[in-house]
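What follows is a set of notes on a single structure, which appears directly below.
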Amino acid sequence: MATYSDMGFLLLVACVKIAVVLLVLLTTVAYLTWLERKVVAHIQARWGPYLVGPHGLLQPVADGVKFILKEDILPLEADRVVYWLAPFLGFVLAFLCISVIPFGRGFTFHGHPIELQIADLNIGLLFIFAVTSLGVYSIALAGWSSNSKYSLFGGLRSSAQMISYELSLGLAVVGVVMLAGTLSLRGIVDAQSGFWHIAGVNTWLPHWNIFVQPVAFFVYFTAAVAETNRVPFDLPEGETELVAGFHTEYSSMKFAMFFMSEYANMVTVSCLATLLFFGGWHGPVFGPALLRILLPVFWFCLKVFGFLFFYIWMRGTLPRFRYDQLMSLGWKFLLPLGLLNILVTSLAIAWHEAG
Amino acid sequence: MAILFYICAAVAVLAALNVILQRTPVYSALSLIVVLCSLAGVYLLLGAEFMAVIQVIIYAGAIMVLFVFVIMLLNAGHETTTHRSRMARWLGAPLIAAILVELLTVIWGQFPATAKLLPAPLDASPAAIGHLLFRNYVLPFEVTSIVILVAILGAVVLAKKEF
């Protein structure tokens, strides 16, 4: 029986979850910029930000203040409505994805089951794809509305790149979905608990999808890096060719919104890679009840951090692709590889079920 | 639920009107995206979550991106109006009225006034849709894929002038 006090309690829990997740995400995004500057600096034998706070730790705060105080310039010939709409759209869509990400094992609080996830959709994975597929408008419209040739080229490149790699991204996760038999992110993580057993022998290898779907993971992560417009696929904002690509004309807080949505998208991609291929929050769990709730969250965050570090590592290591290389990699290599992976996976599942 | 339906429906109709009334192609395309997303909202209210998400992914996320892409590439400016053709001037309004009347009579005939606004939730899970597609409707499904394949081949032949 759901009474009014129960409803109030559920509403309170939902609000607390949303507040905490947004706060954590915003902080992560802010400190990801600091981490990126630090890691890239150390790769290049520099110190990086060092002046604001110890080890430059207050740099994101200083950057935020600067963004707010800078003048917001509107290009004379820009299409005003779309010029305003684009950064907001990108920001909202980037932060919307986090609402279906499960980040820990659920627990019961005074008889109420509480899941560590804002919304458990039974098509959570597709929801993320739907939201990210709309994200391309933010970039394309920003490029178009600025009425500048560099912006337009950046926007065009970006939309072409995002449509191309979205296919590989979608195909890559089909193998995982077939193995789990569900599109719910929680269900996919639940399917990865325990250890792999080969012929009844416990291998002590975690039951993660990465061990059976390495090709899918490769296709997923490559396509995801391209989707987030990061090095080595950052042609839409290649500064040697396009000044800054689609956000050339943007300044002040509107530029910051593009910046934040790019980093939030990186976080989403890393969360998804963790959930789909690396067992989500699964990891060694022991100790008292509180530790049993917090440790899964810790493992989840650790894995996500690993992917974010890998992103930055790639940026410090790899050169940018050429445009034709980018297109042929997407269409002629990743797409067939993704299809082949689906074929092999479905054959293996059919063989397993038959024998 | 009914309130949400009316909101979605109203947004869809207004945005659809805006598609026609706008003179700038990009605004028309954006309005069409709004129409598609609000239709996805209607699907969601009917309990067809899968359909709603696929609607957004395919139509709003892929097809409309191509529309916007082409508009941007051609850098299409404001639409120019010409004097309407004589046939459109004299036959336009009566034909629209005729189609509207026909549609309304069909819809009224199909659903009696007592019919509920929202039907009972049906099983629209991905698994159920997959079963239907690959058991009951496997022939139409395969024929559709062949048609799409032919269309793709045609597009490649048209785009690639020399071999």
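The values are calculated or read from the model by the stated rules, or taken from the named source; none is laboratory data. Keep in mind it's a predicted model, so treat the numbers as computed, not measured. No Cβ is skipped: glycine too gets one built from the backbone with ideal geometry, and neighbour counts run over all protein chains shown.
How about the stretch A:264-355: which helices (runs of 4 or more DSSP H) wholly inside it have at least 3 residues that are over 19 Å from A:Leu116 (Cβ atoms) and either touching a Lys or Arg at 6+ places or on another chain (Cβ under 8 Å) or modelled with pLDDT of 90 or more (or both)?
Output list reads A:289-317, A:335-354.
Run down A:Ser168, A:Ser133 and say which single residue is of a type in the set (Gly, Ala, Ser) and more than 10 Å from chain B (Cβ to nearest Cβ).
Answer to the selection: A:Ser168.
Those residues that are touching a residue at least 24 places away in the same chain (Cβ under 8 Å), surrounded by fewer than 23 Cβ atoms within 10 Å (Cβ to Cβ) and within 16 Å of A:Thr228 (Cα to Cα), I need them from the stretch A:132-156; list them, please.
Answer for the stretch A:132-156, where residues must be touching a residue at least 24 places away in the same chain (Cβ under 8 Å), surrounded by fewer than 23 Cβ atoms within 10 Å (Cβ to Cβ) and within 16 Å of A:Thr228 (Cα to Cα): just A:Leu134.
Listed residues A:Leu185, A:Leu235; which is closer than 30 Å to A:His282 by Cα and either in contact (Cβ under 8 Å) with a residue 24 or more places away in the chain or in contact with a strand residue (DSSP E or B) (Cβ under 8 Å, 6 or more places away or on another chain) (or both)?
When all the criteria are applied, what remains is A:Leu185.
When the residues of the stretch B:64-77 are filtered to those that are more than 10 Å from chain A (Cβ to nearest Cβ) and in a helix (DSSP H, G or I), which remaining residue is nearest to A:Glu166 (Cα to Cα)?
My answer is B:Phe67.
Given the conditions (1) within 14 Å of chain B (Cβ to nearest Cβ); (2) within 17 Å of the chain's Cα centre (by Cα); (3) modelled with pLDDT under 85, which single one is not true for A:Gln117?
A:Gln117 satisfies all of (1) within 14 Å of chain B (Cβ to nearest Cβ); (2) within 17 Å of the chain's Cα centre (by Cα); (3) modelled with pLDDT under 85 except (1).
I want to confirm something. Restricting to the stretch A:95-123 and keeping residues that are among the small types (Gly, Ala, Ser) and in contact (Cβ under 8 Å) with a residue 40 or more places away in the chain, which single residue is surrounded by the fewest Cβ atoms within 10 Å (Cβ to Cβ)?
A:Ser99
Looking only at the stretch A:67-104, count every residue that is within 20 Å of the chain's Cα centre (by Cα) and either assigned to a loop (DSSP other than H, G, I, E, B) or of a type in the set (D, E, K, R) (or both) and tell me the total.
3
When you scan the stretch A:138-158, how many residues do you find that are at the interface with another protein chain (Cβ under 10 Å from one of its Cβ atoms), under 22 Å from the mean Cα position of the chain (by Cα) and not aliphatic (A, V, I, L, M)?
1
Would you pick out the residues in the stretch A:323-343 that are over 18 Å from A:Met162 (Cα atoms) and not hydrophobic (A, V, I, L, M, F, W, C)?
A:Asn341
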